[in-house]
1. Tell me the carbon and sulfur percent of the accessible area for the chain, rounded to whole percent, probe radius 1.4 Å.
2. Quick check for you: with a 1.4 Å probe and neighbouring chains kept, what is the accessible area per residue of the chain, in Å²?
3. Net charge near residue 71, counting Lys/Arg +1 and Asp/Glu -1 over other residues with Cβ under 13 Å of its Cβ?
4. Could you work out the relative contact order of the chain, using alpha carbon pairs under 8 angstrom and six or more residues apart, expressed as a whole percent?
5. Could you give the angle, 0 to 90 degrees to the nearest 10, between helix 20-40's Cα long axis and the longest principal axis of the Cα atoms of the chain?
6. Pop out the ³J(HN,Hα) list for the range 8-16 in order, Karplus 6.51 cos²θ - 1.76 cosθ + 1.60 with θ = phi - 60°, rounded to Hz; leave Gly and Pro as x.
7. For residue 48, list long-range residues whose amide hydrogen, built 1.01 Å from N in the peptide plane, is under 5 Å from its own amide hydrogen.
8. Among the aspartates and glutamates, which have Cα under 17 Å from the Cα of residue 29 when same-chain residues fewer than 8 positions away are ignored?
Amino acid sequence: KDNRSFRLQITGHTDNKGSLLNNLTLSEKRAYSVANYLIFNGIHISRVISQGKGESFPIATNETPEGRKRNRRVEFEIKE
């Protein structure tokens, strides 16, 4: 909370079930929810960036339930 030398990039992702627009919206809401949690718990709003990427960057196959589960995620990146 006290280290103000970095910002957090919060990125939401989805699997490929549903439309592109719905998945983009869902991923944005997923990232926004995590960002709000951090802000509510003391991280200054100016240090948090949230964005959704939809189904654009899978880390696993979308052909299996396990793969789709892995693709529904939120990633954190520390920005200097």
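1. Numbers: 2950 of 5470 Å².
Carbon and sulfur: 54 percent of the exposed surface of the chain.
2. Numbers: 5470 Å² over 80 residues.
Spelled out: the 1.4 Å probe surface of the chain, per residue, equals 68 Å².
3. Local charge sum for residue 71: +3.
4. 46 percent
5. With rounding to tens, the tilt is 30 degrees.
6. 10, 9, 10, 10, x, 9, 9, 7, 9
7. 8
8. Hits, sequence-local ones excluded: 15, 55, 75.
The values are calculated or read from the model by the stated rules, or taken from the named source; none is laboratory data. Source: prediction; values computed, not measured. Cβ sites come from the backbone with ideal geometry, for glycine too, and all protein chains shown count toward neighbours. Quick note on the areas: whole protein, heavy atoms, side chains included, nothing else; ligands and nucleic acids left out. Shrake-Rupley method; radii C 1.70, N 1.55, O 1.52, S 1.80 Å.
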